[in-house]
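Below is one structure, written out as structure tokens; the observations come after it.
The values are calculated or read from the model by the stated rules, or taken from the named source; none is laboratory data. Quick caveat: nothing in here was measured; it's all calculated off a predicted structure. In this analysis, Cβ positions are derived from the backbone assuming ideal geometry, glycine residues included, and neighbour counts consider all displayed protein chains. Ligands, DNA and RNA are stripped out before the accessible areas are found, and what is left, the full protein with its side chains, is counted by its heavy atoms. Shrake-Rupley method; radii C 1.70, N 1.55, O 1.52, S 1.80 Å.
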Amino acid sequence: MRAITITEFGDPAVLQLTEQPDPSPGSGEVLIDVASTSVNRADLMQRQGRYPPPPGASEILGLECAGTVAELGDGVTGFAVGDEVCALLAGGGYAERVAAPAGQVMPLPPEVDLVTAGGVPEVACTVWSTVVRHAGLAAGELLLVHGGSGGIGTHAIQVGRALGAQVATTASAQRLARCAELGAEVLIDYHDQDFAEQLAGRADVILDNMGAKYLARNLAALAPDGRLVV
Ligand SMILES: NC(=O)c1ccc[n+]([C@@H]2O[C@H](COP(=O)([O-])OP(=O)(O)OC[C@H]3O[C@@H](n4cnc5c(N)ncnc54)[C@H](OP(=O)(O)O)[C@@H]3O)[C@@H](O)[C@H]2O)c1
């Protein structure tokens, strides 16, 4: 199969189209004929050598994909050859075929096409696990999404609105209009405005992409019983 591989870390010029052995599905895995994949911030960092794959994972880049089930490993139920699916991957998505654990493979709803689906699993699983499962965002609450213009942020704004929350977001000024189109109502240019002052004690849930640098201001922005996920 053809795959995009790297033999050294660096800028996009290190990406090469090469021939690689076809993967075969191990026990509990689904082999997918890849139709689409995506570019996440983590892929850029991996290409630069700043985000090594987990032990045992494919050296081929690519953290998610969509495609068609080509073969089922032993013990896999719930999928059939020919099903359209998308998958969260530990690596290997930048290739014509990839084997993924069945638990990381999801069927495609009929209204989602194979190209769109290749960019969904990473952001959807991250946002749902943090904002919904851990932080328990509820209708009527105020969700603050840092980096609303990014991959995670654009998805989080839409999930927040779909769940009936009010959404505030931080982003660069030129991208705030798009955040508003996606559903954010409180728009904060993080270069010039202080979200902690604007939201003082009102944010029920904060989805943070900055970590230590924002901790004190995030705590100031949180409401009583507020939840901060990093
Ligand atoms: N993408 C994924 O699937 C995924 C999965 C798990 C974890 N993560 C983590 O989630 C974080 C975001 O990833 P991403 O893929 O969404 O990255 P991204 O698409 O590159 O977006 C990063 C965003 O951060 C914003 N930003 C930069 N400095 C900021 C600041 N001081 N305050 C607020 N926002 C700021 C940028 O806004 P402007 O461009 O408007 O300036 C940009 O929209 C990263 O830490 C990543 O490791 C991502």
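Might you tell me the accessible area per residue for the chain, computed with a 1.4 Å probe and given in Å²?
Details: 11540 Å² over 230 residues.
Per-residue value: 50 Å².
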At 0.36 nm per residue, and after removing the present C-alpha to C-alpha distance, how many nm does the segment from PHE79 to GLN193 gain when stretched out fully? 36.1 nm
Could you compute how fast segment 124-229 diffuses translationally, taking Rh as the Kirkwood radius over C-alpha pairs and applying Stokes-Einstein at 37 °C with viscosity 0.692 mPa s? Give it in µm² per second. 251
Angle between the chain longest axis and helix 151-162 axis [Cα atoms, degrees, rounded to 10]: 60
Size of the chain along its principal axes in angstrom, Cα-based, largest extent first? 55, 40, 30
Pick from HIS146, HIS191, HIS134: which is most flexible by mean-square fluctuation in a GNM of the chain where alpha carbon atoms under 10 Å apart are linked? HIS191
Give, as ranges by residue number, the residues of segment 151-166 whose backbone N falls under 18 Å from the point 7 Å along Cα→Cβ of GLN48. 151-152
With Cα springs under 10 Å, the Gaussian network model of the chain assigns the largest mean-square fluctuation among LEU163, LEU137, LEU114 to LEU163
For the pair ASN209 and MET1, how long in nm is the line joining their label points, each one 7 Å along Cα→Cβ? 2.9
Pick from ALA117, ALA42, ALA165: which residue has the top mean-square fluctuation in a GNM of the chain where Cα pairs under 10 Å get a spring? ALA42
Starting from the exponent 0.38 and prefactor 2.2 Å, build the expected Rg for segment 1-102 from its residue count and divide its actual Cα Rg by it. 1.06
Amide N of segment 43-60 lying under 14 Å from the label point, which is placed 7 angstrom from the Cα of GLU8 along Cα→Cβ: 48-49
Inter-label distance for GLN16 and ALA216, nm, one decimal - labels placed 7 Å from Cα along Cα-to-Cβ: 4.9
Of the accessible area of segment 1-102, with the probe set at 1.4 angstrom, what percent is carbon plus sulfur? 52
Return the whole-Å distance between the Cα centroid of segment 69-96 and the Cα centroid of segment 211-230. 38
With contacts defined as alpha carbon pairs under 8 Å and 6 or more residues apart, what's the relative contact order of segment 124-229 in percent? 27
Quick check on segment 121-176: what are the equivalent-ellipsoid semi-axes from the Cα gyration tensor, as sqrt(5λ), descending, whole Å? 18, 14, 8
Could you work out the helix-only [θ] at 222 nm for the chain, with each DSSP H run of four or more residues adding -39,500 (n - 2.57) and the total divided by the number of residues, to the nearest 500 deg cm²/dmol? -5500 deg cm²/dmol
Normalised by the residues of the chain, what does the relative contact order come to in percent, with Cα pairs under 8 Å and at least six apart? 15
Round to a whole angstrom and tell me the spacing of the C-alpha centers of segment 161-210 and segment 103-133. 23
Distance in nm between pseudo-label sites at ARG161 and GLN104 (7 Å out along the Cβ direction from Cα): 3.1
